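Just so you know, all these numbers are worked out from the coordinates, no wet-lab data involved. A quick note: this is a predicted structure, and the numbers were derived from the prediction, not measured. Neighbour counts run over all protein chains shown; Cβ positions are idealised from the backbone, glycine included.
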Amino acid sequence: MGMFARILVPVDGSDGSGRALDTAVAISEACGAALDILYVSYFNSDTDEDMDTWLPDFVAAPAGDEIHTVLEQARRRIPEGIEVEFHQRIGKPAKQIVEFSKENGNETIVICGRGLDVVRGFLLGSVSQEVMEAALGAVIVVK
Amino acid sequence: MVKEILIPVDGSEGSDRAVAQAITMAEVCEAKLNFLYVANINQLAINACLSDAILEAVTKAGNVILDRAMDLVPSGIEKEAFSETGSPAVVILEFAANNDIDLIVMGSRGLGIVKGVLLGSVSQYIVEQAKCPVMVVK
């Protein structure tokens, strides 16, 4: 059961990443795999500024809260009894996801191919695309 | 959740690895394995002079590949082999839609050198267009 020992699920709080999480949970329930939930952001609480700002919240809200919200949202979606760890990293999402999977020995990554773009052919999210190409193991792209 | 798995096979190393991973997945989920071989003979057929000998050779090649995949499946797992002709990407997607496939497992053909074209064109198209989850195996 090597390939499903630890499944990596990158989350970003979107509906798509929720569906990816549901798929990973289903696999985990079937075979007892542990889940690594990873949130990658360009900023975190270390980069937050203490100073008050005149910028609106959607521009300059503290990143630490956002990370907490997304990971908490993921936690609520995972039933009791599944072994799960939450992680966060700073940097370029695709690169961090692949690096994380290499360091932690995740043989399988479950990720959402996002269909936000209008142009056909760009339907697949660029992050999932990059992960798929760079990952060492299997990548399950959820719709 | 995953009950019907589709594995397009073409006899390549990548498709062999996809078969192996699909078997693991089927064991875990108690799913059925559907192997599909697509003979890409559309272009040849346009010439309308496809001899029976060529057709037979293509069919035979497909059967060898399908048999090899079927033989790898341990007993106790449901399996079926299908052979179709046409453009692989299109046929695979149609098959998935018409047979209530829950998951497509396929190899990525990592032959290209240029970044961004590493993924095989068929895998690429299917990952983008499929309505169900697609597992790309390295």
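Lysines near residue B:79 by alpha-carbon distance under 19 Å, same-chain residues fewer than 8 away left out - which ones?
B:3, B:32
Taking beta carbons within 10 Å but only from partner chains, what does the mean come to for residues B:15-21? Write down the numbers at each step before the final one.
On the way: counts 0, 0, 1, 1, 0, 1, 6.
Taking the mean over all residues of the peptide, I get 1.
Given a Förster radius of 35 Å and the C-beta distance between residue B:83 and residue B:1 as r, what FRET efficiency does 1/(1 + (r/R0)^6) yield to the nearest 0.05? The partial results should precede the final answer.
Values: r = 28 Å, r/R0 = 0.80.
Efficiency at R0 = 35 Å is approximately 0.80.
Before anything else, pin down the relative contact order of segment B:1-103: Cα pairs under 8 Å, at least 6 apart, normalised by residue count, whole percent.
Reported as a whole number, the value is 40 percent.
Quick one: Karplus J couplings for segment B:128-137, per residue in order, coefficients 6.51, -1.76, 1.60, θ = phi - 60°, nearest Hz, x for Gly and Pro?
Karplus-based 3J(HN,Hα) across segment B:128-137 equals 6, 9, 5, 8, 9, x, 10, 9, 9, 9 Hz.
Name the lysines eligible as straight-distance cross-link partners of residue A:95: C-alpha to C-alpha under 24 Å, and not fewer than 8 places from it in the same chain.
A:143, B:115, B:138
Average partner chain C-beta neighbours within 10 Å, per residue of A:127-136? Before the final figure, lay out the partial values.
Numbers: counts 0, 2, 6, 3, 1, 9, 11, 3, 3, 1.
For this peptide, the per-residue mean of nearby foreign Cβ atoms is 4.
Give the long-range amide H neighbours of residue B:79: residues separated by 5 or more places, or on another chain, with amide H under 5 Å away, using H modelled in the peptide plane at 1.01 Å from N.
Amide H to amide H, under 5 Å and 5 or more residues apart or across chains, residue B:79 pairs with B:33.
Aspartates and glutamates within cross-link reach of residue A:102: Cα-Cα under 18 Å, excluding same-chain residues under 8 positions apart?
A:36, A:85, A:130, A:133
Assuming R0 = 35 Å, can you tell me the calculated FRET efficiency for the pair residue B:75 and residue A:68, based on Cβ-Cβ distance, to the nearest 0.05?
FRET efficiency, residue B:75 to residue A:68: 0.10.
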